[in-house]
1. Which three semi-axes in whole Å describe the equivalent ellipsoid of chain B, each the square root of 5 times a Cα gyration tensor eigenvalue, listed largest first?
2. Rounded, prolate or oblate, given the Cα gyration tensor of the protein assembly as shown, with a/c below 1.5 counting as rounded?
3. At most 14 other Cβ atoms within 10 Å and a DSSP loop assignment: could you name the trypsin sites (Lys or Arg not before Pro) in region A:11-69 that fit?
4. Quick one: angle between helix B:265-275 and the longest Cα principal axis of chain B, in degrees between 0 and 90, rounded to 10, please.
5. When DSSP beta bridges are limited to those with both residues in the protein assembly as shown, what percentage is antiparallel, rounded to the nearest 5?
6. Test of the criteria: in region B:1-96, which trypsin sites (Lys or Arg not before Pro) are in a DSSP loop and have at most 13 other Cβ atoms within 10 angstrom of their Cβ?
7. So what are region A:30-88's ellipsoid semi-axes, whole angstrom, largest first, if each one is the square root of 5 times an eigenvalue of the alpha-carbon gyration tensor?
8. How tilted is helix B:36-46 with respect to the longest principal axis of chain B? Cα atoms for both, answer in degrees (0 to 90, nearest 10).
Amino acid sequence: MTFRVLDPTPEKAPPIGQLAPRLGSLRGKTVGFISNGKEGTKGFFAHLDRLLREQHGVADVVMRTKSNYSAPADPHIVAEIRSWHAVVSGIGD
Amino acid sequence: MPLDSRTYEAADIAAVQELYHANGWTDGLPIVPPTAEAVQACLDWAMMPADQLIGVEPVRGLAVTAEKLAINAVMAGCLPMHFPVVATAWTAMMQPEFLMHGATASTGGCAVLVVLNGPIRLELGASGGFNALGNSDRATAVIGRALRLCLINLMDVRPGAIDRSTLGHPGKFSFCLAEDEEDTTWLSLAETRGIPKEASAVTVMAAGAPRQIMNEWTTKPEEILETFAAEMRANLRHYSIHPGNYALIIPKQLREHLQAAGWSKADIASFIHERARIHRREWAEVGKGAVVRDRGDSVYPAMESPDQLLVVAAGGPAGGFGAVIPPWLGHKSHAVTVPIGACIDCEPPKQ
Amino acid sequence: MTERFVTAAEMMSRVLGMPDYRFARIGHPVSSATDAELAAMARRALEQGQPLLVR
């Protein structure tokens, strides 16, 4: 007895994301951090801030922390990305 | 309207099982083959066209249609009469305050607790009696399971992929119960959350595993409820200090004492709100001294307000037991209640 | 990404339409790392991340 059965998944290809243009260098740039605010992130990002300025001549580092570490970044943080040259964010625990 | 989904052929029932398991489309248990006929029957019962948009999941930008929900509902073992409940529960889960992506991806490993209220329980044979938190009846078993299959197949919530649950708990197979509205003097859960008694409704909550308490040595409400509060304090100490929705499941034996003393669900919620709280310094007693710091005197209530307590009358008739069901993590996700609607100004299905 | 979340990052990259998206991997966990370990993670993040940001 042949079964004809249906696909339970969305089957829709996600919209293809676009990689933003790469920078020529980090020197003189503004880098933003989007942190989930979990234990340890303060120290981690403090070290990263220092290394970016000391070793790569980054002019300014902006630190933003999500209001809810289990949700996407707040809209006002996402809007601010436009004024940065690069973003550092991640998933971690 | 023809269905939109791709069709696969399988020679026999065993081949169907292997097809779905191999593609990661199951929860590990056998599924009911979702044929076009079975899926269409669900859509017809709910008077939904296949392409009816149930909602758009915001993190993925994913449109969820009635057809895709119905396919997963059939796979779970749902009959057409179960499908409107599945669709309503999924609608509730897609409300922003439920935070579906966060709740279902988190290492915290919560499941989706589903509580049924109103006349639909009787229509479906959903029993709020014996084994309410286990395998009580077909309806609650398959409705709860359908939601997990929807998460797996529509949201890629698979272990090690988007589902980062460290442990999870057995409620992730199915975690649905009906309230025993016939054998209580209390308002139903849905009524306490604003739904008229005549309507049927679904409440969803991102929930940890149930913790069973026992107190058959008193009839005094304060003493009975103190045991529930103590279990909530234990959750604050052992798991998470953050306030949010808690569900209390109160079976008949304990419920009768509370009702006889004239305590309503609102009275219970006020009492529990006061009693279920700890000081931060208590964390030092359970191995968490490292994070007490200088805030030992801070007080942490289990709930920000009494209305975060979901009291449900359910369970078998004997046994001085109750259950505390804690939140996934504080108030990141809020419980959501949605009435089960009949669309009164829709076009009838076209023949 | 901390190491234990690499598969989550790969999955989300695929779900969001950029399956080959590259990222840095920095060990795990952050929550109980010492300050020296966090400094080492930051160095690792930068070693891997800097080439991803510039041409």
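1. Taking √(5λ) for each Cα gyration eigenvalue gives 36, 24, 18 Å.
2. Oblate, since a/c reaches 1.5 and b/c is not below a/b.
3. Sparse-neighbourhood loop trypsin sites (Lys or Arg not before Pro): A:LYS12, A:ARG22, A:ARG27.
4. It works out to around 60 degrees.
5. The antiparallel fraction comes to roughly 60 percent.
6. Numbers: sites: B:ARG6, B:ARG60, B:LYS68; in loops: B:ARG6, B:ARG60.
Loop-located and lightly packed - B:ARG6.
7. 20, 15, 6
8. 60 degrees
Coordinate-derived values only; no laboratory data. Source: prediction; values computed, not measured. Don't worry about glycine lacking a Cβ; one is built from the backbone with ideal geometry, like all the others, and counts go over all protein chains shown.
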